[in-house]
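The next block holds one structure in the form of structure tokens; read it before the comments.
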Amino acid sequence: MYQANVLQAQVAVNSAVNVEALSDHELVAAARDGDELAFQEVVRRYRTPITNFVYRMLNDYELAVDLSQETFVRIYTSLGRYEANYSFSTYIYRIASNLAISELRKRKRRRVVSFFSIFQSDDGESIEHDPPDNRQLAEDALLEDERRHAVKKAIATLPEKYRTALVLRDIEDHSYEQIAEILDLSEGTVKSRINRARNLLREKLEKFMAEAPARD
């Protein structure tokens, strides 16, 4: 009995090692054939990136977790229809992106999505985009808070088509080609949307600065 248990444990270890060595397409093929460990490896590889992506789109962690789970459910239930025409990462981000966009559209006029999470690390800690200055005066700190608030407001007002492209490029660091595949658009359209998003942000921030009350 002891030897049998040891053998089973060794088989499990070897299986885990094997799935870790497989490519995404190979994992999906194995999962389609009923290999549960293969699909568990897919989830392990992409759970955190997909959850972070949706969180940056919606700024709602619990909802991001739910939509991440829904993404994997959709992948699992459509394993038999999956075709490796492009990278698996493109496929999974497309599903997650569609779910996030659907959620944004449900909010209609109440554009309460905050993109301040863009300036946070994966563990929720704030990220300084300027070198920290320990001698920073209270007045400077207040101005910095106002600047961050302005950026938050500006990004939150972007239409979802610009918002999604901007996050995928500037936050998730996907290539233009990958974004085009994820959103099912031409690279030219993707570049145009990202450029438009950046220009809109610049305009909104300049307007905020112009309207900000002068300080003595």
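The set of residues in region 39-82 that are small (Gly, Ala, Ser), surrounded by fewer than 21 Cβ atoms within 10 Å (Cβ to Cβ) and either closer than 21 Å to Arg163 by Cα or in contact (Cβ under 8 Å) with a residue 12 or more places away in the chain (or both) contains only Gly80. Within region 178-190, the set of residues being out of contact with any Phe, Trp or Tyr (no Cβ under 6 Å at 6 or more places or on another chain) and part of a helix (DSSP H, G or I) comprises Gln178, Ile179, Ala180, Leu183, Gly188, Thr189.
Taken over region 150-177, the criterion of being in contact (Cβ under 8 Å) with a residue 40 or more places away in the chain and either assigned to a loop (DSSP other than H, G, I, E, B) or over 15 Å from the mean Cα position of the chain (by Cα) (or both) is satisfied by Ala150, Val151, Lys153, Ala154, Ile155, Ala156, Thr157, Leu158, Glu172, His174. The residues in region 83-99 that are crowded, with 17+ Cβ neighbours inside 10 Å and assigned to a loop (DSSP other than H, G, I, E, B) can be counted, and the count is 0. Phe116 falls short on exactly one of the conditions (1) modelled with pLDDT of 65 or more; (2) touching a His at 6+ places or on another chain (Cβ under 9 Å), and that condition is (1).
The values are calculated or read from the model by the stated rules, or taken from the named source; none is laboratory data. The structure presented is a predicted model; accordingly, all values stated were derived computationally and were not measured. Note: ideal-geometry Cβ built from the backbone for every residue, glycine included; neighbour counts use all protein chains shown.
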